[in-house]
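One structure below.
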Amino acid sequence: MEGKVNFFHNFKINLIVSVFLFISLLVVFGSFSSASGEEAEKTYILMAGKWGKKQNTAAIKAGGTVTFSHGETGVGIAVSSAPDFLEKALASHAFTDGAEDMMIEWQPPTEVVKFDDAGVTPGDETFFFLQWHLDAIEAPAAWGAGFTGKGVRIAVLDGGMPADHVDIAPNLDFAASASFVPGFDFDEDVPGFRHAGHVAGIAAAPDNGLGTIGVAPEATIIGVKVLHDGSGSFGWIMQGIEYASRSLTEGGAGADIINMSLRGIICKGGGAGPLVAALNKIINTATKRGVLVISAAGNEGFNFDHAWDCIVTPAESGNGIAISATGPVGWALGNTNFRRPAHYTNHGNSLVHVAAPGGDWVLPGNDVCTVGFIIHYCWVFDMVFSVYEGTSSYGWGGGTSMAAPVAAGVAALIKQRFPNISVGALKNKLANTADDEGKPGHDPFYGRGFVNALRAVLE
């Protein structure tokens, strides 16, 4: 990979190559903060049958401060510097379980290269011709049938959203966007590539004559920051899901669909069991509210039918669904094997609901190809093209992080046609209108099939 990257500097195009090979397992970074000379304040996730006055009182008596609670699920978050807080809280019998929250790396560092020249300016041609993933799922035909995701709200739970980008801002609900990462607004993150923007652009970049087009170009984007520099806590993610799935009238984001292009590998004995259980409950609450939760299957290349001691979360959490990735090899050379399972995608009958384009980067060598007016390595064009950062820069990325928002966009098209569809029916419609690939019926790589936007809105 290193030889391929070095050659990029010979080009003067403002495009970015981003390769999302998520290979690391669960990484624990420790507690959130520490006070000099004092016991570090820690954050805890607590669970009860329901959360009420009894739980608030018990947490306070144990030496904590409740920072979040949800009555129906019985999930709460408390902070405390008392070393025996959790022991005392559980001894009160007000809670069924609990654990110290964990900061983990949900999106391991990615390899990106940015070019110097300016990006898109008014009047430039769009990059639609680079977006092979749209033709692969027949999205343009679905638009032609009148379905663009209009009126549907997609919450992107991720890092900081590039809110001023020309392919984000027109569809972004600024007022409903929010951050659950202390000290940062929803549009803040470390300098450089914005994973959230790449994901949001794939799902719902507007058809505005600039840059790229999303699968559901008239859907509304809601930025919900739950990560910073790819890392975050279970608590931040749970609060983000609860907020995104709550109705606007109740002070939430009013999402119809939640996209989480993030993953953690959780194995038995690591102490995260209660955290996963709490996350399950929060996702199931979103489902009860009528919100479909879509997650990336992850990029370790594991078969989770045989990973008996480990799960990938949130892909296998609650009533959400997981999306695997496909990608061509040599599209710039004329190959159209868009439905080929990507080399990195996690898979398994127990894991995958459907598959969608996520891109790949395994074409050998550094041969150069020309697509439209873009000259680049041939293998680069096999990845998914979308937003990068700032106001007008773009790039390629590959991973189940890219496949999930493709599926979210198709779900938005279905939701536009059937506004009152239940979550269960929406899941079934997404699966039943997918093209059967691999072994007949349910397949470890494709789940119920490869998503088809046209069939999804016509059948």
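Within the shell of other residues whose beta carbon sits under 12 angstrom from the beta carbon of N171, the net charge comes to -2, with Lys and Arg scored +1 and Asp and Glu -1.
What number, rounded to the nearest 500 deg cm²/dmol, is the helix-based mean residue ellipticity at 222 nm of the chain, given -39500 (n - 2.57) per DSSP H run of at least four residues and division by all its residues?
Value at 222 nm, helices only, nearest 500: -6500 deg cm²/dmol.
By the count of other C-beta atoms within 10 Å, a proxy for reagent exposure, F373, F338, F129 are ordered fewest to most as F373, F129, F338.
Taking Rg/Rh (Cα atoms, Kirkwood Rh) as calculated from this structure, the corresponding entry among (1) 1.13; (2) 0.98; (3) 0.93 is (2).
Take the cross-link list K281/K415; K88/K281; K50/K288; K225/K415; K150/K288 and give me the ones stretching past 19 Å between alpha-carbons. In this structure, K281/K415; K88/K281; K225/K415; K150/K288 exceed 19 Å between Cα atoms.
With 0.36 nm allotted per residue and the present C-alpha distance subtracted, the S81-N349 stretch has 92.1 nm of extension available. In plain terms, the residue of T73, T126, T57, T400 with the fewest other Cβ atoms within 10 Å comes first and the most crowded comes last, giving T57, T126, T73, T400.
Here the calculated FRET efficiency for A425 and A175, from their Cβ-Cβ distance with R0 = 30 Å, stands at 0.50, rounded to the nearest 0.05. For segment 248-264, the Karplus equation 6.51 cos²θ - 1.76 cosθ + 1.60, evaluated at θ = phi - 60°, returns couplings of 4, 5, 9, x, x, 8, x, 6, 9, 9, 10, 10, 10, 8, 7, 7, x Hz by residue, with Gly and Pro reported as x.
Helix 195-204 and the longest principal axis of the Cα set of the chain meet at an angle near 60°. Length available on full extension from T65 to E188: 0.36 nm per residue minus the Cα-Cα distance, which gives 41.6 nm. With 0.36 nm allotted per residue and the present C-alpha distance subtracted, the N319-I375 stretch has 15.8 nm of extension available.
How many percent of all Cα-Cα pairs in segment 42-101 sit more than 13 Å apart?
Values: 859 of 1770 pairs.
More than 13 Å apart: 49 percent of the Cα pairs in segment 42-101.
The 3J(HN,Hα) values that the Karplus relation (6.51, -1.76, 1.60; θ = phi - 60°) gives for segment 335-348 are, in residue order, 7, 10, 7, 5, 9, 5, x, 5, 5, 9, 5, 5, 8, x Hz. Gly and Pro appear as x. Note on segment 42-101: dipole from Cβ charges, positive end direction compared against I60, S80, L90; the farthest Cα belongs to I60.
Highest mean packing first, where packing is the average number of other Cβ atoms within 10 Å per residue, the peptides 360-368, 427-435 line up as 427-435, 360-368. Where the only charges are on Cβ atoms (+1 Lys, Arg; -1 Asp, Glu), what is the dipole of segment 174-245 about its Cα centre, to the nearest 20 debye? Charge dipole, segment 174-245, about its Cα centre: 100 debye, nearest 20. Only counting other Cβ atoms within 10 Å, I'd like H306, H442 sorted with the fewest neighbours first. So the residues, fewest neighbours to most, are H306, H442. The Cβ shell under 10 Å around A216 holds other residues with a net charge of +1, Lys and Arg each +1, Asp and Glu each -1. Each residue of segment 448-459 is assigned a 3J(HN,Hα), and the resulting list reads 8, x, 9, 4, 10, 5, 5, 4, 4, 9, 9, 9 Hz, derived from the Karplus form 6.51 cos²θ - 1.76 cosθ + 1.60 (θ = phi - 60°), x at Gly and Pro.
Work through the residues other than T400 whose Cβ is under 11 Å from its Cβ and net out their charges, Lys, Arg +1 and Asp, Glu -1. Net local charge, T400 excluded: 0.
Quick note: the coordinates plus some simple rules give every number you see, no bench work behind them. Bear in mind that the values here come from a model prediction, so they are computed numbers and not experimental data. So basically every Cβ, Gly included, is an ideal-geometry build from the backbone, and we count neighbours across all protein chains shown.
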